[in-house]
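The values are calculated or read from the model by the stated rules, or taken from the named source; none is laboratory data. Small disclaimer: the values here were computed from a predicted structure and weren't measured. Neighbour counts run over all protein chains shown; Cβ positions are idealised from the backbone, glycine included. These accessible areas exclude ligands, DNA and RNA; they are computed on the full protein's heavy atoms, side chains included. Shrake-Rupley method; radii C 1.70, N 1.55, O 1.52, S 1.80 Å.
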Amino acid sequence: MTALLRSTLTALASLRLTVALFAMAMFLIFAGTLAQVHAGIWQVMAEYFRTPFAWIELQLFIPQQLATVPGRFPFPGGYLLGGLLIINLLAAHAIRFRLAAKRIGIITLHLGIIVLLLGEFVTGLFAEEGLMTILEGESAQYVEDVREAELVILDRSGDDEQDRVTVIPERMLTTAGQTVDHPALPFTVTVDQWLPNARLFNAAPDTPTRATRGAGRQIVPRPEPLARGIDGNNIDMPAAFITLHHDGRPLGTWLVAELIGPSQTVEVDGRTYHLDLRFKRTYKPYTLHLIEFTHERFVGTERPRNFASRIRLVDPTRNADREVVISMNSPLRYAGATFYQSAYLEQDTGTVLQVVRNPGWLLPYIACGLVALGMLIHFGQGLWRFAGKVKR
């Protein structure tokens, strides 16, 4: 080992660095917890923990009733702190810890901690989560991500009876004034206003509305605070005002929203285009058909005791066609995804399944097993040595 490499590893293996990283991690958790008072849990996860750097608002530490404090400061995010902790631990084993029988327990325990940290990296970077809603007697083939929206423009005017779908992701809709020019569309889409969470109300007579075409002429959106993810099933319902232009001429301004249905239309060059703002969809190669939904309650109350979905799973790519029951404590694992019984529709007309695809789902179990095994070996060795001394 060269002197430079050894000095570098020595610095990285510093116990002071370990303490400093733990202190910064605790402060980040504290700030992230405060941020959840006003921000959604998924927003906080993205801006504080699943990022290399976080920008922490000074206002978090001073109640707004006492004073308004502008400004923010950068701070290491969860990814950076987690990565440095792994490096610190590995460097410590390379420099300080020697491979010996009496240290097997500590090595196993630390290996469990590293696997646990790596598991969070895998989950944060690759896990997908969404909802599949199925009415009783009907089928579904897609999962909706209720944390992200997309503008869908559908052309059903083709002679080949094939729908032509153009999808504009949310990240291209959130900036007012941004124009989207897609080669599949004969018009451009300009975002006039983006509302991340809004409720819709019927416009009073003579109330001016921003929309000049479609349902938005009779509807007024009211901005709402972002859902925090901890207040029941409340979710953000996005809306936007968009203006379409064709050959430099405005075609009109539409209000598009997840809550508006059915599709609004615009005719251009003899073709009809349908406009929908909806939650981001991910289509599956298989279909779930809801045969029956059951909802049991505790006697004399409306509290759910158990609810379950009896579904038929049809997957032509795997020659699968079978019935399965998904209940509160019995999820379905299929094709890398896990289907949990999450909620139900009003009057028990259908089911809502939470669909999670996490390639690192097994890592926390492995990590906990390694930590438990390491502690068992470490303390067992200590007890054995103590018993030996007492016997002598």
Margin query: Show me the strands (runs of 3 or more DSSP E) entirely contained within the stretch 229-330 in which 3 or more residues are more than 20 Å from Gly350 (Cα to Cα), open to solvent by 50 Å² or more (accessible area, probe 1.4 Å) and not acidic (Asp, Glu).
Written below: 271-297
Checklist line | Conditions (1) in a loop (DSSP other than H, G, I, E, B); (2) aliphatic (A, V, I, L, M); (3) open to solvent by less than 80 Å² (accessible area, probe 1.4 Å); number of the one not met by Leu109 | finding: (1)
Notebook entry, point to check: Mind checking whether some residue in the stretch 345-361 is open to solvent by less than 50 Å² (accessible area, probe 1.4 Å), polar (S, T, N, Q) and closer than 30 Å to Gly112 by Cα?
Noted result: yes
Note to self: I need the full set of residues from the stretch 68-105 which are basic (Lys, Arg) and in a loop (DSSP other than H, G, I, E, B), in order please.
What the structure shows: Arg96, Arg98
Notebook entry, point to check: Based on what the data block shows, is Asp206 under 30 Å from Gln341 (Cα atoms), open to solvent by 30 Å² or more (accessible area, probe 1.4 Å) and part of a loop (DSSP other than H, G, I, E, B)?
Noted result: no
Margin query: Being buried (at least 16 other Cβ atoms within 10 Å of the Cβ) and among the aromatic types (Phe, Trp, Tyr) is the requirement here; does Trp42 meet it?
Written below: yes
Checklist line | Trp55 at pLDDT 95 or above, of a type in the set (Phe, Trp, Tyr) and either farther than 25 Å from Ile113 by Cβ or surrounded by 12 or more Cβ atoms within 10 Å (Cβ to Cβ) (or both) | finding: yes
Next item on the list: Select from the stretch 61-104 the residues that are open to solvent by 60 Å² or more (accessible area, probe 1.4 Å) and among the polar types (S, T, N, Q) and write down the one among them that is nearest to Thr123 (Cα to Cα).
Entry: Gln64
